[in-house]
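Everything below concerns the one structure shown next.
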């Protein structure tokens, strides 16, 4: 009943286990950066009436700011991912530290997009 | 049914798919990857299905968020012209006109239109991590656990905002 795995499959499994965590760390940290970018852009736009640059990002009216914030946050995510991937692709990274930073950045995104925070800061 | 109506139906279907089915499913499949003493490897077929499932979730969230932002949102926020008395095609003003729900409506719609943008990023990160490690993700406890915290925080917040917005809009329709 126990069938031996073919050598190429065993080699593939060993490779999976040996893979460096750099690319995964890059993706997670980039996710945090993109999220924080969305939170910060939202906060700037919602608490500062002169911050028309976020409105202008959307490209058309009456779309307004949210699509601009989403677009630029997404671009920040992909750009950060590409750069970090390039730098970390073959490296073993302290994943616990990276994930703590990523979650902290995510919290900036979540807090920045929560409307009562805008009111607290003068919106 | 107009084009915008069709898109809203699609948007609701995507919302239901993403938050009631796919989100829970993604949490389940990632946690079920956990390696045990008797099961340290996942069958290749299961890994393939998990990858397809997670990437389908990520693509759906991108479509839902950017479709919402660039198709539904402009319709929702359409400005009133000077002599408009029928608010049927101006949802922002129609729901805002009811003092009982106006404040809740504003809060929920402001929240969901902004926080939703975080969900596709988290879904993409999870799909990538599952694809990258494949069958060995179960043995990568630290990576699996931390990525799921990121995913869970994002989706639970987006789901709360989405459910609040949906219930306010239903309340508006009933009123």
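For segment A:26-41, the criterion of being modelled with pLDDT under 70, assigned to a helix (DSSP H, G or I) and more than 21 Å from residue B:165 (Cβ to Cβ) is satisfied by no residue at all.
Here is the figure for segment A:98-123: residues that are within 7 Å of another protein chain (Cβ to nearest Cβ) and assigned to a helix (DSSP H, G or I) total 7. Can you pull out the residues in segment B:144-165 that are surrounded by fewer than 21 Cβ atoms within 10 Å (Cβ to Cβ), facing another protein chain (nearest Cβ under 7 Å) and within 13 Å of residue B:30 (Cα to Cα)? B:149, the sole residue that qualifies. The residue of segment A:42-57 that is modelled with the highest pLDDT, among those that are farther than 14 Å from residue B:110 by Cα and over 20 Å from the mean Cα position of the chain (by Cα), is A:48. Could you tell me whether segment B:80-87 includes any residue that is surrounded by fewer than 21 Cβ atoms within 10 Å (Cβ to Cβ), modelled with pLDDT under 85 and under 22 Å from residue A:80 (Cα atoms)? No. Looking across segment A:73-84, just one residue is surrounded by 20 or more Cβ atoms within 10 Å (Cβ to Cβ), more than 8 Å from chain B (Cβ to nearest Cβ) and farther than 11 Å from residue A:26 by Cα, and that is A:76. Among the residues of segment A:85-97, the ones that are within 8 Å of chain B (Cβ to nearest Cβ) and surrounded by 18 or more Cβ atoms within 10 Å (Cβ to Cβ) come to 1 in all.
Could you tell me which residue of segment B:131-143 is surrounded by the fewest Cβ atoms within 10 Å (Cβ to Cβ), considering only residues that are in a helix (DSSP H, G or I), more than 7 Å from chain A (Cβ to nearest Cβ) and in contact with a helix residue (DSSP H, G or I) (Cβ under 9 Å, 6 or more places away or on another chain)? Show your work before the answer.
Start the filter on segment B:131-143 by keeping residues that are in a helix (DSSP H, G or I), which leaves B:131-139, B:141-143.
Next, from what is left, pick out any that are more than 7 Å from chain A (Cβ to nearest Cβ): B:131, B:137-138, B:141.
If we keep only those that are in contact with a helix residue (DSSP H, G or I) (Cβ under 9 Å, 6 or more places away or on another chain) too, we end up with B:131, B:137-138.
Values: B:131: 15, B:137: 25, B:138: 20.
Taking the candidates together, the pick is B:131.
The values are calculated or read from the model by the stated rules, or taken from the named source; none is laboratory data. Bear in mind that the values here come from a model prediction, so they are computed numbers and not experimental data. Please note: Cβ atoms are built from the backbone with ideal geometry, for glycine as well, and neighbour counts cover all protein chains shown.
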